[in-house]
1. Keeping every protein chain present and rolling a 1.4 Å probe, give me the accessible area per residue for the chain in Å².
2. Find how many whole Å separate the alpha carbon centroid of the range 60-119 from the alpha carbon centroid of the range 13-40.
3. With unit charges on the beta carbon (Lys/Arg positive, Asp/Glu negative), name the residue among T56, F21, F72 whose Cα is farthest towards the positive pole of the charge dipole of the range 1-149.
4. Using 27 Å as the Cα-Cα cut-off, could you pick out the over-long pairs in K177/K263; K58/K135; K105/K236; K135/K263; K105/K177; K58/K220?
5. Using every Cα-Cα pair within the range 202-243, state what percent have a distance larger than 16 Å.
6. What accessible area, in Å² to the nearest ten, does a 1.4 Å probe give for K58?
7. Dividing the alpha-carbon Rg of the chain by 2.2 N^0.38 Å yields what?
8. Multiply the residue gap between N2 and S323 by 0.36 nm, knock off their C-alpha separation, and tell me the result in nm, one decimal place.
Amino acid sequence: MNPYVLAILLSSLGLGTTLTFASSHWLLAWMGLEINTLAITPLMAQHHHPRAVEATTKYFLTQATAAAMILFASTTNAWATGEWSINDLSNPIAGTMFVAALALKIGLAPVHFWMPEVLQGLDLLTGLILSTWQKLAPFALIVQTAQTIDPLLLTLLGATSTLVGGWGGLNQTQLRKILAYSSIAHMGWMIIVVQYAPQLTLIALATYIIMTSATFLTLKMSLATKISTLATTWSKSPVLASTTALVLLSLGGLPPLTGFMPKWMILQELAKQDLPLIATTMALTALISLYFYLRLCYAMTLTVSPNTTNSTTPWRTQTTQVSLPLALFVVSTLGLLPVTPAILMLTA
């Protein structure tokens, strides 16, 4: 892709998100989300492959539907209350429609079906942008309006997403689909606590972005897109294989890695709010997710690649990828748990 075009598209992505962050008016927020969608569409379709084009089309239709629902919800709310302010979402029908639209935007269950299919059709770097940056603007709107939305609806969305995210990833062999289900599960953890402690949602979102970035970059470095390719990683680069295994365990929320921190704090907050049943359900769904991360680690570090492999095995890791971002994300993914008190002080 032409570097000037790429620069325009990436700056438009930044502009769209910033616009949504800074807006207190529904139309401005909607405009930011639209700029975001239109900026990432050419990035998704840049590899002229039928699967990439199909993924782009699915993504565009889904996001357009969600944007239309947001516009309809904000118009309904303005009609009922006479206010276009984001903080004044007092109409219950408009509030429910708005949550449904944002759930569709970020891929929460039960409107998550587009997410694995779209991510599977993209290359790893575009998939990284879709899984991290594209979540920021909708989450800004969710955090702003969480107090005016029915708590039961948010709890149901969160619990369903963690369950579907864990259950759906069990049977997958494609790494991008596994990461899509992982994303759905993490979104569920963030949504369930947003009404009680929005700062915990922001901590969970930040750690999710760090861990997912580390995962995508390590997979890109090892040129792996399916589980069978992971089995050859240790012979090419043992250090990279060990790092990837640790990053995946952190994504699963295993102590003493960074991924344990948001889960621990969210469970603590749910217990404080006298919701032991929901806290137990969330902890059990985290175990389901942990199973498929362990499966990936097993395939990568404890199995030998079969001799009758159908694909050409790249025995050397040849990559032009800059390793500094990867190093920073990996260190953050593995070692932020000891600074939890400092993070809590910053968000208090």
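1. 45 Å²
2. A separation of 14 Å, based on Cα centres.
3. After comparing all options, I get T56.
4. Long pairs (Cα-Cα over 27 Å): K105/K236.
5. Tail of P(r) above 16 Å: 41 percent of Cα pairs.
6. Surface accessible to solvent at K58 totals approximately 70 Å².
7. Relative to the rule-of-thumb radius for its length, the chain sits at 0.99.
8. 113.2 nm
The values are calculated or read from the model by the stated rules, or taken from the named source; none is laboratory data. Computed from a prediction, not measured in an experiment: that's the story for all the values here. Glycine also receives a Cβ, built like all others from the backbone with ideal geometry; neighbour counts cover every protein chain displayed. Side chains included, ligands, DNA and RNA excluded: accessible areas come from the protein's heavy atoms. Shrake-Rupley method; radii C 1.70, N 1.55, O 1.52, S 1.80 Å.
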